[in-house]
1. Using only DSSP helix segments of four residues or longer, with each worth -39500 (n - 2.57), what per-residue ellipticity at 222 nm results for the chain after dividing by its residue count and rounding to 500?
2. Once each part is reduced to its C-alpha centroid, what is the distance from region 395-409 to region 456-525 in angstrom?
3. How much length is gained if the chain between LYS538 and ASP3 is pulled fully straight, taking 0.36 nm per residue apart and subtracting their Cα-Cα distance, in nm to one decimal?
4. Can you tell me the orientation of helix 309-322 relative to the chain, as the angle in degrees between its alpha-carbon axis and the longest Cα principal axis, to the nearest 10?
5. Straight-line reach only, C-alpha to C-alpha below 12 angstrom: list the aspartates and glutamates that LYS538 could link to, leaving out same-chain residues fewer than 8 apart.
6. Can you give the FRET efficiency for ASP560 and TYR295, using 1/(1 + (r/R0)^6), R0 = 60 Å, r = Cβ-Cβ distance, to the nearest 0.05?
7. I want to check the label-to-label distance for ALA313 and ALA627. Put each point 7 Å from Cα in the C-beta direction and report it in nm to one decimal.
8. Which of PHE438, PHE358 has the fewest other C-beta atoms within 10 Å, and how do the rest follow up to the most?
Amino acid sequence: MTDIRRRRLLASAIVFAVSLLLYLFTLAPSMDFIDAGELAAVAHTWGIAHPTGYPLFTLLAGLWALLPFGSGMLRMNIFAAVFSAAGAAVAVQLIFDLLRALPDVARRRNAGKKKAAAQATVPAEDDDTLLRAAASGALVLAFGGTFWRTALSIEVYSLHILMLALVLWSAARLFFLPVPDVRSLQRRMAVTAFLLGLSFSNHMSTVFLLPALLVMLFLTHARSEGFGKGFAFAAAAFALGLLPYLYLPLRAAAGPALNWGNPVDFERLFWHVSGKQYSVWMFSGAQAWGKQFMYALEAFARDSAWLALLPAAIGAVVASRRRRSLGVFLLLLFVTCLVWAAGYDINDIDSYFLLGFFVLAIWTAFGLRILPQLRVLRGVPPRLRDPLVPGAVVLAVLLLLQWGRVSQAGNYLVEDYTHNMFASLEKDAVVLSFQWDFWISASYYYQLVENKRPDIVVLDKELFRRSWYFEQLRSNHPDIHASVRAEIETFLVHLRRFERGEPYDPAAIEDAFNAVVNGIVDRAYATRPVYVTIELEKQFAPGYVRVPAGLAFRLYRPEDLPDPASTKDVPLVYRPFDSDDRLPVEMRRLYASMFGNRGIYLADAGLRERAERALQRALEFSPGDPAILDLLRRLAGAP
């Protein structure tokens, strides 16, 4: 092994170790919001996740779940930290090779513009400086807010980070470093294509890479000897990288407990892999795109703590001037990511800009390398002009500004909320909800993996709008399915037309949908407790009275209403976690609303002391709420 190779490996090892250490310090100790519970359950049960299926993630996370250390969720969160840190480590190699491909300013002055433009590397004695700039850029990437937050809990994006780094590194070697012979060209093309296919088998936002990769491939090698044969090899390698998708139909045929989309045939597999159900949020209008575009610009500035934008701007300009093809490649990557991702009108869009954060980190490293060469800094001592110095300043500011905002240490919000929801439900209960982000996703993990409250039936009301969900319902809860078989069959006639893009009657499909949901409530009510959560619309369970019980409402027919004094106050455990992010804020509102509803229910029954306790708990989650304070004042003045 050559000396420079050892130093490169050492630089990556240091970045990996530093990143992983700080990730572990700030790691979520338990369940996170949105898809974390579902993905952890899929990994442990070898199931099928929501579109686009993420088979590479499922296979790797499934193997990781078998490791004998830590609790289940903590182990899965460590998976995210390790893969994100590995992505930062690979970024060192990527940035170093791109820095080597950038002609040096001193050589440009000495050799003349044309001669310097033809030279692809900087002098070997400058490798240590390039390594320090590359490591600094990788650490700025690792501790940007979105990248850092991705590393702290289980999600598909941690693996996506590693795959992006590997594809970009391979592409950099293909496009910007000397290719000694035909075989080397064909090998590099095949490796890049294989990694690209693997990345697609994890996450479809890999498509953001395609325009830049294809443009650069034809610009740099279309006239090279052996290109046609190499392209054929690359196409085969790309197809090989997609093989993990075979997991989806093969596993679906076995009927796992989590079988999203049930992709057992080509039609369903295509719907699942293409994310057909999410297409309504893609490019939904200029207003939505403009909102997401402006949010993206804000996110790029926030994640770089604004300070990194200066070296990034310098790096972008210098890359374009010194090696136009490299400047075009990076700009095309950034613009494609920004424009395409901004067309996706969802709340949690940040992770779709990860490719843009990679490009910003590369530009930042370029800028850190160039800063010492600027005339304005020639009077500064050489040691202070080393890339590590401005890099350390940017990194220190990032850590200072991002730590408190990003850290998930001590965050048990979703675990507590899910267990509180379980505590709110009596034995053998059926609950209808669409609080996916807060507890339904988590319930999959706790029920299927940790065997918590297997007696209750959790039904996601919105998933009834998908035909596959009825097959999962029949498999997991055959009694519920059988009780409304006729209503389901009627609904599926309309639903299948909708799913295939055929003409359908909107009023008829909505009526059939309501009949399924209300049929489940009516049939289950005869033998089991039935609950709904606060967001469920009044068109569901008409004729029932909703009695607040913990975090849900128990349904009663008017003639079955209990004496309010006999209803129990559900003890809820809540470990506070200070965060102004959207979902923790909304969760506190849910707690406040349910305690407030309980207080009103008890106050109306004349149970003043219990009502006051419930309203006081509501105030803990919504301090200074005028409606709650008014109720408390009225109760205090009651005789």
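Values in this text are rule-based calculations from the coordinates and carry no lab data. Predicted, not measured: the structure shown is a model, and the values here were computed from it. All Cβ positions, glycine included, derive from the backbone under ideal geometry; neighbour counts span all protein chains shown.
1. Computed mean residue ellipticity for the chain: -20000 deg cm²/dmol.
2. Going from one Cα centre to the other spans 46 Å.
3. 185.5 nm
4. The helix 309-322 is inclined about 40 degrees to the chain.
5. Within the straight-line limit of under 12 Å, LYS538 reaches no aspartates and glutamates at all.
6. 0.80
7. 4.6 nm
8. By the 10 Å Cβ count, ascending: PHE438, PHE358.
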